[in-house]
Amino acid sequence: QKEVEQDPGPLSVPEGAIVSLNCTYSNSAFQYFMWYRQYSRKGPELLMYTYSSGNKEDGRFTAQVDKSSKYISLFIRDSQPSDSATYLCAMKVYSGGGADGLTFGKGTHLIIQP
Amino acid sequence: NAGVTQTPKFRVLKTGQSMTLLCAQDMNHEYMYWYRQDPGMGLRLIHYSVGEGTTAKGEVPDGYNVSRLKKQNFLLGLESAAPSQTSVYFCASFDPDVRNEQYFGPGTRLTVT
């Protein structure tokens, strides 16, 4: 079983809808949780970053982490066609030196229909 | 401030050929990473470096070598390319004291025939 599971989609929703993207993980040592957005043929860019459990909001985006269930979510409100991209969840363990690479989900391909 | 740049953007190799991918960052970050991205597999860590002169293995290091002779550059080498190394390669850099974000380059698309 892969450490991080993410439905690859595609997920297609109409413009203005609320989008819910999710990942589950198996490694209880993960402490840092991130969502990256990746447009076609581009590098990933950080969208949201959360440490441990809880919610974080930034504009139309809300990230939630539930460590007891090993489940993280990204919500997008008032979705726009420009939100069409692949969304990658990523996690890492804190090892003191901070050098750990990220463990990524496969990414969910999101399509917002105008 | 260019961020993270990668050279080349595209490359086609024949099986058995060698090549080096160059990653450069101008943010003075200590940590640098090489990932590969394959359809249905997500991004996987190949090697990483915690500072000039250091390297370490990631999740999928076999068939690759790396060097960090200068702080701003991180090189990924393929000594004898195989079709299984056809992938998109991303470099990233990171400084935890500044902002807890890995900055990614635009990627190198490599095809091995």
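Give the residue list of trypsin sites (Lys or Arg not before Pro) in region B:4-100 that are DSSP loop and have at most 16 other beta-carbon atoms within 10 angstrom.
Counting only loop positions with at most 16 other Cβ atoms within 10 Å, the trypsin sites (Lys or Arg not before Pro) in region B:4-100 are B:Lys9, B:Lys14, B:Lys70, B:Lys71.
Enumerate the calculated ³J(HN,Hα) couplings along region B:48-54 in order (Karplus 6.51 cos²θ - 1.76 cosθ + 1.60, θ = phi - 60°), each rounded to whole Hz, writing x wherever the residue is Gly or Pro.
These are the phi-based 3J(HN,Hα) values: 8, 9, 9, x, 3, x, 10 Hz.
Cut-off under 13 Å on the C-alpha distance; same-chain residues fewer than 8 positions from B:Lys57 excluded. Which aspartates and glutamates are left, in chain and number order?
Straight-line reach from B:Lys57, under 13 Å: A:Asp100.
Determine which lysines satisfy two conditions relative to A:Lys56: a Cα distance under 20 Å, and not lying fewer than 8 residues away in the same chain.
In chain and number order, the partners are A:Lys67, A:Lys70, A:Lys92.
Please work out the Cα center distance from region A:1-63 to region B:39-102, rounded to the nearest Å.
If we compute the Cα centre of each part, the gap is 23 Å.
With each pseudo-label sitting 7 Å past Cα toward Cβ, what's the B:Ser67-A:Val93 distance in nm, one decimal?
Rounded to a tenth, the inter-label distance reads 3.2 nm.
Highest GNM mean-square fluctuation, chain B, Cα pairs closer than 10 Å: which of B:Ser84, B:Ser67, B:Ser49?
Most flexible of the set in this elastic network: B:Ser84.
What's the FRET efficiency of B:Asp97 with A:Ala29 using the Cβ-Cβ distance as r and R₀ = 25 Å, to the nearest 0.05?
0.65
Calculate, for B:Thr54 and A:Arg77, the FRET efficiency according to 1/(1 + (r/R0)^6) with r their C-beta to C-beta distance and R0 45 Å; round to the nearest 0.05.
0.55
With an 8 Å Cα cut-off and a minimum separation of 6 or more residues, compute the relative contact order for chain B in percent.
35 percent
Quote the charge dipole size of region B:9-113 about the Cα centre in Debye, to the nearest 20; the model charges only the Cβ of Lys and Arg (+1) and of Asp and Glu (-1).
Magnitude of the dipole: close to 380 debye.
Since every read-out is calculated from the coordinates, none of them should be taken as a lab result. Note that the coordinates shown come from a computational prediction; the quantities given were computed from them, not determined experimentally. Glycine gets a Cβ as well: all are built from the backbone with ideal geometry, and neighbour counts include every protein chain shown.
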